[in-house]
Amino acid sequence: MQRLELRNISKNFGSLQVLSDIDITIEQGEFAAIVGPSGCGKSTALRMFAGLEFPSQGEALAGGKAIQGPSPERMFIFQEHALYPWSTVEDNVGLGLELAGVSKAERIERVNAVLDKVNLAGFNKYYPAQLSGGMKQRAAIARALVMDPDVLLLDEPYGALDALTRLTMQNELLNIWAGSGKTMLLITHDIDEALYLADKIFVMSARPGQVVETIRLDQPRPRNRNSEYFAANRQKIMSLLGLEA
Ligand SMILES: Nc1ncnc2c1ncn2[C@@H]1O[C@H](COP(=O)(O)OP(=O)(O)OP(=O)(O)O)[C@@H](O)[C@H]1O
Ligand SMILES: [Mg+2]
């Protein structure tokens, strides 16, 4: 089980300061989201949790230990699904298990279970080019999920999808998370998506990124997107981002 922490993190790429004294804590099992303007360092922060990027100052911790590199306990899902076009859905999804030396029989069982979970049952033999955008993203989530990670790190997973598909995918993501004990960290440009899904939202300012506010949401799910509570928090985030209606 892994509590995730960025403590007093700053990050520079050469002379460009991207993150300035960021603090983020996410408890195991929480659903957290990050919103903020383009270029404020959201992906950089997420990549630190994935062990793909390292702080210039401060500490990135998982379960109290410094993050040294990628781990199958913390799986990263890219905006672009990054499936191998020459491999079928089941081979794409099963690759991590194969590399981990899991037997073929167990692989088939686990791949089927996870395809069922993301509503791709029966699409084992399809190639990515034969799938819709939403289905590709489901396959990418399945590929992460099949490793049974404690943490899912999602970088704008639905950014390329149409509005209607996004709504469906948001409910599917909640179903994957509910009762799983997994920690979710989602980057999104869509304020309503964050409000619909998250227990807490880190609102970041423009580069160099800082966390200007952490908003806690304790509404039960499924949430009503038309509630007063939703509207009040939407307004609050818009004003923090300087997007006053
Ligand atoms: N490996 C790198 N080398 C140099 N600069 C980088 C690198 N990675 C990111 N940057 C810079 O850091 C800044 C923040 O990038 P990042 O991708 O974290 O932003 P973001 O908040 O995810 O933006 P977006 O919402 O557009 O995805 C950008 O100015 C980017 O050019
Ligand atoms: Mg990004």
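Give the residues of the range 56-81 that are hydrophobic (A, V, I, L, M, F, W, C) and part of a loop (DSSP other than H, G, I, E, B), sorted by residue number. Result: Ile67, Phe78.
Filtered by the rule that a residue be of a type outside the set (S, T, N, Q), over 16 Å from Thr183 (Cα atoms) and part of a strand (DSSP E or B), the range 8-55 gives Ile9, Lys11, Phe13, Leu16, Val18, Leu19, Asp21, Ile22, Asp23, Val35. Quick one: is Ser43 surrounded by fewer than 14 Cβ atoms within 10 Å (Cβ to Cβ) and either charged (D, E, K, R) or within 16 Å of ligand 1 (Cβ to nearest atom) (or both)? Spelling it out, it is not the case that Ser43 is surrounded by fewer than 14 Cβ atoms within 10 Å (Cβ to Cβ) and either charged (D, E, K, R) or within 16 Å of ligand 1 (Cβ to nearest atom) (or both).
Within the range 74-88, residues that are at pLDDT below 80 reach partners that are surrounded by 13 or more Cβ atoms within 10 Å (Cβ to Cβ) with beta carbons closer than 6 Å, at six or more positions or on different chains, in the pairs Gln79/Asp155; Gln79/Glu156; Gln79/Gly159; His81/Lys136; His81/Gln137; His81/Ala140.
Residues are listed down the side, and each one gets a yes or a no for (1) touching a Gly at 6+ places or on another chain (Cβ under 8 Å); (2) away from ligand 2 (no atom under 13 Å from the Cβ):
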| residue | (1), (2) |
| --- | --- |
| Ser38 | no, no |
| Leu46 | no, no |
| Ser56 | no, yes |
| Pro85 | no, yes |
| Val89 | no, yes |
| Ala100 | no, yes |
| Val111 | yes, yes |
| Val118 | no, yes |
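Of these, Ala50, Ala66, Ala100, Ala33, which one is hydrophobic (A, V, I, L, M, F, W, C) and without any contact (Cβ under 8 Å) to a residue 12 or more places away in the chain?
Ala66 is the lone residue from the list that is hydrophobic (A, V, I, L, M, F, W, C) and without any contact (Cβ under 8 Å) to a residue 12 or more places away in the chain.
For the residues Ala113, Ala105, Ala140, Ala129, the requirement of being surrounded by fewer than 16 Cβ atoms within 10 Å (Cβ to Cβ), part of a helix (DSSP H, G or I) and touching a Pro at 6+ places or on another chain (Cβ under 9 Å) singles out Ala129. From the list Tyr196, Tyr158, the lone residue that is hydroxyl-bearing (Ser, Thr, Tyr), crowded, with 20+ Cβ neighbours inside 10 Å and either at pLDDT below 95 or assigned to a loop (DSSP other than H, G, I, E, B) (or both) is Tyr158.
Looking only at the range 175-193, which residues are part of a loop (DSSP other than H, G, I, E, B) and in contact with a helix residue (DSSP H, G or I) (Cβ under 6 Å, 6 or more places away or on another chain)? The one that is part of a loop (DSSP other than H, G, I, E, B) and in contact with a helix residue (DSSP H, G or I) (Cβ under 6 Å, 6 or more places away or on another chain): Thr188. Selection over the range 206-217 of residues that are at pLDDT 95 or above, over 15 Å from Ile26 (Cβ atoms) and in a loop (DSSP other than H, G, I, E, B) gives a count of 1. Search the range 8-27 for residues being away from ligand 1 (no atom under 16 Å from the Cβ) and loosely packed, with under 15 Cβ neighbours inside 10 Å, and hand back the single one that is farthest from the chain's Cα centre (by Cα). In this case the residue turns out to be Asn8.
The values are calculated or read from the model by the stated rules, or taken from the named source; none is laboratory data. On a predicted model such as this, the values are computed, not experimentally measured, just so you know. Reconstructed Cβ throughout: ideal geometry from the backbone, glycine too, with neighbour counts over all protein chains shown.
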